[in-house]
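*Asks:* For reference, the structure I am asking about is given below.
The values are calculated or read from the model by the stated rules, or taken from the named source; none is laboratory data. Treat the numbers as computed from the prediction; the structure is a model and nothing was measured. Every residue, glycine among them, receives a Cβ derived from its backbone with ideal geometry; neighbour counts consider all protein chains shown. What goes into the accessible areas is simple: the full protein's heavy atoms, side chains included, and nothing from ligands, DNA or RNA. Shrake-Rupley method; radii C 1.70, N 1.55, O 1.52, S 1.80 Å.
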Amino acid sequence: MPAPILRPRGETARVMPVELFFDLVYVFAITQLSHLLLAHLDMAGVGQTLLLTLAVWWAWMYTTWTTNYCDPDHPVLRLTLTGAMLAGLVMAAALPQAFGPRAMWFAGGYVALQVGRTLVVSVAARAHPIGVTFRLVLAYHVLSAVLWIAGAALGGTAQAVLWALALLVEYAGPWLGYRMPFLGRVSTTDWTIDGAHMAERCQLFVIIALGESLLVTGVSLADHPHLSAAAVAAFAVAFLGSVATWWVYFHRTAEAASETAAHVDDTGRLGRSAYTYIHIPMVAGIIVAAVGDELAIAHPFDRITPGAALALLGGPALFLAGHALFVRAVFGRVSVNRLAGIGVLAAAGLLAALAPGLVPPLVLAAVATLVLGAVAATDGMRDRAPAPAGLAP
């Protein structure tokens, strides 16, 4: 008898080496996204980078859902993941010019990854109840594929509009239960996932994003034409900011959330909200913060620009907002210190807008790092004293 492709439920699904190998493509993709944002730090560039980040995340996340259900070491799925890696590598390579001459390369890689992987699993799981969900997911991917390819062919404004519509279709799918005419819909109770596996995979993606942040920090210092004291100080601040970000995410909530995700009644609902959607602002915030770190190291005492202020303060604020939502979704509690940190960052942003000559990039970077450090420190203090009801770490 051939080995079953679906993982048995009732035992913890381990993250397999082939999944980690697959993730290497996304190390490259995140680096490409941060460089794209750095080169186009204006409204159009921010919009394009956001759209592409949503696509990259969705390609990775759907593969994570697939390996949550299917055994990555099964020969069929291993070959499928290899093909997905190739398509993802093409997609990542095309990112800098995805809204230019390589639009079709990006769209083709994305569509091949999403449709190809889902088609294989739909056939492999056709006799299993979860096969219904995969077939509905396939229908959504085929529908959005038309928009991706048409947008790449038309270019210009039409490309941006059609690609945004394609993402809207795909992101709406889980919330609508993948409702399709004549095909019905499914519920989150039909998605009995392994919560611990889902949590670990998303934790690993956060590590990838933080790794890219550290890479940017090191390369920025290495490429600096003259290592002034200010540049070294900005480098140290950027490093400490990455450490504080890691601390906020991993010190307390990551493991506790993994335990919760493994034991809730509706694992599909929690996987959809806390991990599939809510991790997006956290990952995006880390990417944006890395761009701010690079700017601070390169120009520590230059007059602050709106784009630099947005990266230096908006990245940490976006991460904290996402983590506050994560705490709310998993534990049902309000994270006061994260909300307070966002308020401080917003006040610093207002000061930078009103008096740009008073707050150079290094100062804003230091403020952001101090805020993240304060959030991490207050989490540690709450470890030693029970939090009041309704308050999260």
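*Asks:* Please determine, in degrees from 0 to 90 and to the nearest 10, the orientation of helix 253-263 with respect to the longest principal axis defined by the Cα atoms of the chain, where the helix direction is its Cα long axis.
*Replies:* It is inclined by approximately 20 degrees.
*Asks:* Relative contact order for the chain using alpha-carbon pairs under 8 Å, separation at least 6, rounded to a whole percent?
*Replies:* The normalised contact order for the chain reaches 15 percent.
*Asks:* Report the net charge of residues surrounding V111, where surrounding means a beta-carbon distance below 12 angstrom and charges are Lys +1, Arg +1, Asp -1, Glu -1.
*Replies:* Around V111, the charge tally is 0.
*Asks:* Okay, next question. Accessible surface of F99 in the full protein assembly, 1.4 angstrom probe, to the nearest 10 Å²?
*Replies:* Rounded to the nearest 10, the figure is 60 Å².
*Asks:* While we're looking at this one, here's another question. So what's the angle, to the nearest 10 degrees on a 0 to 90 scale, between helix 17-39 and the longest Cα principal axis of the chain?
*Replies:* 40 degrees
*Asks:* To continue, here is another question. What is the percent carbon and sulfur in the accessible area of the chain, measuring with a 1.4 Å probe over the protein chains and ignoring ligands?
*Replies:* Accessible surface attributable to carbon and sulfur in the chain totals 72 percent.
*Asks:* Cβ under 12 Å from V216's Cβ, V216 left aside: what net charge do those residues give with Lys, Arg +1 and Asp, Glu -1?
*Replies:* My count for the surroundings of V216 gives -4.
*Asks:* Bin width 10 Å, origin at 0, all Cα-Cα pairs of the stretch 81-142: what percent of pairs per bin?
*Replies:* Final binned percentages: 25, 40, 26, 9, 1.
*Asks:* Now, a different point. Between the stretch 194-238 and the stretch 33-109, how many Å separate their Cα centres?
*Replies:* Each part reduced to its Cα centre gives a spacing of 20 Å.
*Asks:* What number do you get for the stretch 128-229 when its Cα radius of gyration is normalised by 2.2 N^0.38 Å, N = residues?
*Replies:* It is 1.61.
*Asks:* Express in whole angstrom the spacing between the alpha-carbon centres of the stretch 298-359 and the stretch 266-283.
*Replies:* The distance from the Cα centre of the stretch 298-359 to that of the stretch 266-283 comes to 22 Å.
*Asks:* Give me the net charge for the shell around V206: Cβ to Cβ below 12 angstrom, other residues only, Lys and Arg +1, Asp and Glu -1.
*Replies:* The answer is -2.
*Asks:* Related question: Determine the per residue accessible area of the chain with all protein chains present and a 1.4 angstrom probe, expressed in square angstrom.
*Replies:* Value for the chain: 42 Å² per residue.
*Asks:* A further question on this structure: Any idea what angle helix 336-354 forms with the longest principal axis of the chain, computed on alpha-carbon atoms, 0 to 90 degrees, nearest 10?
*Replies:* The helix 336-354 is inclined about 50 degrees to the chain.
*Asks:* Given Cα positions, please report Rg to Rh for the chain, the hydrodynamic radius being the Kirkwood one.
*Replies:* My calculation of the ratio gives 0.98.
*Asks:* Given N residues in the stretch 211-351, what is its alpha carbon radius of gyration divided by 2.2 N^0.38 Å?
*Replies:* Rg over 2.2 N^0.38 Å, computed on Cα atoms: 1.17.
*Asks:* Calculated from DSSP H runs of 4 or more alone, at -39500 (n - 2.57) each and per residue, what is the 222 nm mean residue ellipticity of the chain, nearest 500?
*Replies:* That calculation yields -24500 deg cm²/dmol at 222 nm.
*Asks:* Over the residues of the stretch 55-109, compute the C-alpha Rg and express it relative to 2.2 N^0.38 Å.
*Replies:* That works out to 1.26 for the stretch 55-109.
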